[in-house]
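Data first, discussion second: the structure below is written as structure tokens.
Values quoted throughout were computed directly from the atomic coordinates according to the rules given, and no laboratory measurement underlies them. Values in this document were obtained by computation on a predicted structure and should not be read as measured data. Counting neighbours? That spans all protein chains shown, and the Cβs are built from the backbone with ideal geometry, glycine included.
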């Protein structure tokens with residue numbers, strides 16, 4: 001009986017952990033989609049807010065493309081230092097992806 005309870009608790013824990021990962025992934029996708037929609041509608045400040053939130057909370061789902069778009073947005077807004085920072089992050093991340101990390 002004790003073994004069954006332990007197995008059930010392990011399965012339940014695994015299932016809840018998996019659900020948490022799926023929820024985080026969906027939250028990240030939702031934020032990135034909101035950022036893309038804001039960009040498409042030329043709401044650049046709002047776009048950057050969504051991207052920054054996604055980068056802060058879900059960096060594992062953030063990729064080179066997001067940094068390039070952010071960099072281009074900062075550039076178009078005249079914030080050249082932030083644009084350079086985003087382009088540098090994109091380059092570093094691209095290098096890691098090219099190396100297979």
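Some points to look at:
- Among the residues of the stretch 48-60, those identified as in a helix (DSSP H, G or I) and either within 19 Å of residue 93 (Cβ to Cβ) or out of contact with any helix residue (DSSP H, G or I) (no Cβ under 9 Å at 6 or more places or on another chain) (or both) are 48, 50, 51, 52, 53, 54, 55, 56, 57, 59, 60.
- Among the residues making up the stretch 61-87, a single one is surrounded by fewer than 16 Cβ atoms within 10 Å (Cβ to Cβ), under 12 Å from the mean Cα position of the chain (by Cα) and either in contact (Cβ under 8 Å) with a residue 60 or more places away in the chain or in a helix (DSSP H, G or I) (or both): 65.
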